[in-house]
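Heads up, the thing below is written out as structure tokens.
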Amino acid sequence: MRPLRTALAGVLLGVTLLSGCGSSDTATPAPASAPAPGPTAAAGRSGPFPVTVQAANGAVTIAARPQRVVSLSPTATESLFAIGAGPQVVAVDDQSNYPPEAPKTALSGFKPNVEAITAENPDLVIVSNDLEGVVAGLGEVGVPVLVLTAATKIDDAYAEIENLGTATGNRAKADEVVAGMKQKLADLAAKAPQAKLTYYHELDVTPYAATSTTFIGQIYGLFGLVNIADEAPDAAGGYPKLSAEFVAKADPDLIFLADVKCCGQNAKALAERPGWGGLKAVGSGDVVELDDDVASRWGPRVVDLAEAIGAGVAKAAG
């Protein structure tokens with residue numbers, strides 16, 4: 001979270017808010033625009049090309065199966081490799097740190113440079129937001145761009161993975177990935193004790209939180225948890241800035257930290273905050289340190305996030 005993170009997102013976050021170090025597709029806490037619906041009928045399941053994908057920047061037609069894909073979105077990068085499009089990816093942005101084999105470069109998704117991007121000779125570029133006129137700039141040189149904004153609900157994440165599958169000629173594998181995600185999330189929710197525990201998800205040390213209406217809040221909702229941020233006086237588009245006093249008064253059963261790598265937060269750091277040392281989650285050891293990146297993206301590793309949440313719930317309820 002740094003310029004705040006979750007995914008939830010930048011002009012989004014639309015899924016997460018960032019404010020320290022770490023990486024995500026986001027920049028400032030603002031509602032995300034509607035993510036891309038599924039591909040048009042003309043797209044087919046895996047081809048043939050041309051295909052047309054409905055993205056946040058409208059209907060995008062891709063003439064032939066892309067062989068030189070540039071991803072300026074960490075979430076899209078993870079999804080591309082998950083659906084088998086990794087060999088087609090020639091460059092990713094400086095925040096795309098997963099998977100390790102992704103061809104990381106100095107390209108920026110926050111300040112995209114059209115000249116630097118075209119130097120990679122791409123036949124498809126994927127971004128999470130249309131910043132610095134990147135869509136128009138690449139359009140002038142005939143490079144198709146997909147704008148895949150932050151997911152605002154779980155189905156949006158599935159749709160974006162499917163769209164990437166269609167756009168790259170890997171739709172069958174994308175469908176397989178989505179089906180696996182749905183099954184794993186359903187299994188985790190079914191196994192979780194529905195104890196109606198209260199929780200606080202911290203985006204950064206400000207502290208910003210996420211309500212149940214956000215993408216991240218819906219992941220927690222799978223476990224029957226009660227979000228203290230839902231009672232914040234100002235929902236701020238789903239990402240309210242809470243006061244330390246508000247959190248202390250709510251005294252949640254569980255605290256989930258998504259500002260561990262970026263901001264060095266952990267149970268010890270929370271205990272040193274004024275008024276937080278006596279929180280029951282701190283005293284009982286029910287402070288869960290999340291992976292900042294996993295908690296701020298809406299790709300296939302959402303399942304990893306759900307597993308971490310489920311483990312925390314099981315411990316607290318046990």
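The table for this structure:
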read-out: Breaking point among (1) surrounded by 22 or more Cβ atoms within 10 Å (Cβ to Cβ); (2) closer than 30 Å to A174 by Cβ; (3) of a type outside the set (A, V, I, L, M, F, W, C), for E307; value: (1)
read-out: Residue that is surrounded by 15 or more Cβ atoms within 10 Å (Cβ to Cβ) and either of a type in the set (K, R) or within 24 Å of the chain's Cα centre (by Cα) (or both), where the choices are L257, L279; value: L257
read-out: Condition check for F246: crowded, with 18+ Cβ neighbours inside 10 Å, at pLDDT 95 or above and assigned to a strand (DSSP E or B); value: no
read-out: Checking D25 against (1) at pLDDT below 50; (2) outside the structural domain of L164 (by TED's automatic domain parsing); (3) not aliphatic (A, V, I, L, M), the condition it does not meet; value: (1)
read-out: Lone qualifier among A116, A190 - being assigned by TED's automatic domain parsing to the domain that holds A64 and either of a type outside the set (A, V, I, L, M, F, W, C) or assigned to a helix (DSSP H, G or I) (or both); value: A116
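The values are calculated or read from the model by the stated rules, or taken from the named source; none is laboratory data. Note that the structure is a prediction, hence the values are computed from the model and not measured. FYI the Cβ positions are ideal-geometry reconstructions off the backbone, even for glycines, and counts take in every protein chain you see.
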